[in-house]
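Peer 1: Pasting a structure below so you can have a look.
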Amino acid sequence: MNPLYEIMNASEAARLWDLDESTVRRAIWEGRMLSRKSGGVNLVTQVAMREKYGPMPRHNASCFIEEYLTSEDVTAWHEEGTATPRVEELMEAVGVDCIQIWGSYEGTEPVSVNLC
């Protein structure tokens with residue numbers, strides 16, 4: 001899996017887990033969650049967030065996948081019926097086995113992801 005999908009700053013992690021940012025920062029500062037600083041920014045992994053707060057809420061997992069989809073991913077899904085390696089990595093990153101991709105990048109309808 002692409003390790004960059006696993007790493008996020010405290011603000012993004014809080015948003016994806018529907019938490020107040022101060023909750024995540026406090027856990028980091030108190031050493032209750034594995035993290036590291038880079039350029040003054042606290043970084044955490046999805047693994048650390050799942051260990052501390054459980055799985056990412058489903059509606060946010062859909063948004064996370066949607067955010068990283070490209071036109072090639074959507075085209076392959078609709079025309080070939082297959083997931084690209086990036087889609088498979090995104091699904092693995094949020095811990096889901098099945099998704100549906102709706103819409104297109106042709107501007108006729110927005111792209112959305114539903115978890116099965």
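The values are calculated or read from the model by the stated rules, or taken from the named source; none is laboratory data. Since this is a predicted model, take the numbers as computed values, not measurements. Methodologically, a virtual Cβ is constructed for each residue, glycine included, from the backbone with ideal geometry; neighbour enumeration extends over all protein chains shown.
Peer 1: Sort out which residues of the stretch 28-59 are under 17 Å from the mean Cα position of the chain (by Cα), part of a helix (DSSP H, G or I) and either exposed (fewer than 14 other Cβ atoms within 10 Å of the Cβ) or without any contact (Cβ under 8 Å) to a residue 24 or more places away in the chain (or both), and write them in order of number.
Peer 2: Val47, Ala48, Glu51, Arg58, His59
Peer 1: Now a separate question. Going by the structure shown, is Arg25 at pLDDT 95 or above, crowded, with 16+ Cβ neighbours inside 10 Å and charged (D, E, K, R)?
Peer 2: It is true that Arg25 is at pLDDT 95 or above, crowded, with 16+ Cβ neighbours inside 10 Å and charged (D, E, K, R).
For (1) within 21 Å of Asn9 (Cβ to Cβ); (2) touching a helix residue (DSSP H, G or I) at 6+ places or on another chain (Cβ under 7 Å), each residue gets a yes or a no:
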position: Gly39; (1), (2): yes, no
position: Val44; (1), (2): yes, yes
position: Glu51; (1), (2): yes, no
position: Gly54; (1), (2): yes, no
position: Gly81; (1), (2): no, no
position: Glu88; (1), (2): no, no
position: Ile99; (1), (2): no, yes
position: Leu115; (1), (2): no, yes
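Peer 1: Still on this model: Test of understanding: among Glu30, Glu51, which residue is under 16 Å from Ala93 (Cα atoms) and either not basic (Lys, Arg) or not assigned by TED's automatic domain parsing to the domain that holds Met91 (or both)?
Peer 2: Glu51
Peer 1: Going through the stretch 1-46 one residue at a time, which ones are β-branched (Val, Ile, Thr) and touching an Asp or Glu at 6+ places or on another chain (Cβ under 7 Å)?
Peer 2: Correct list: Thr45 only.
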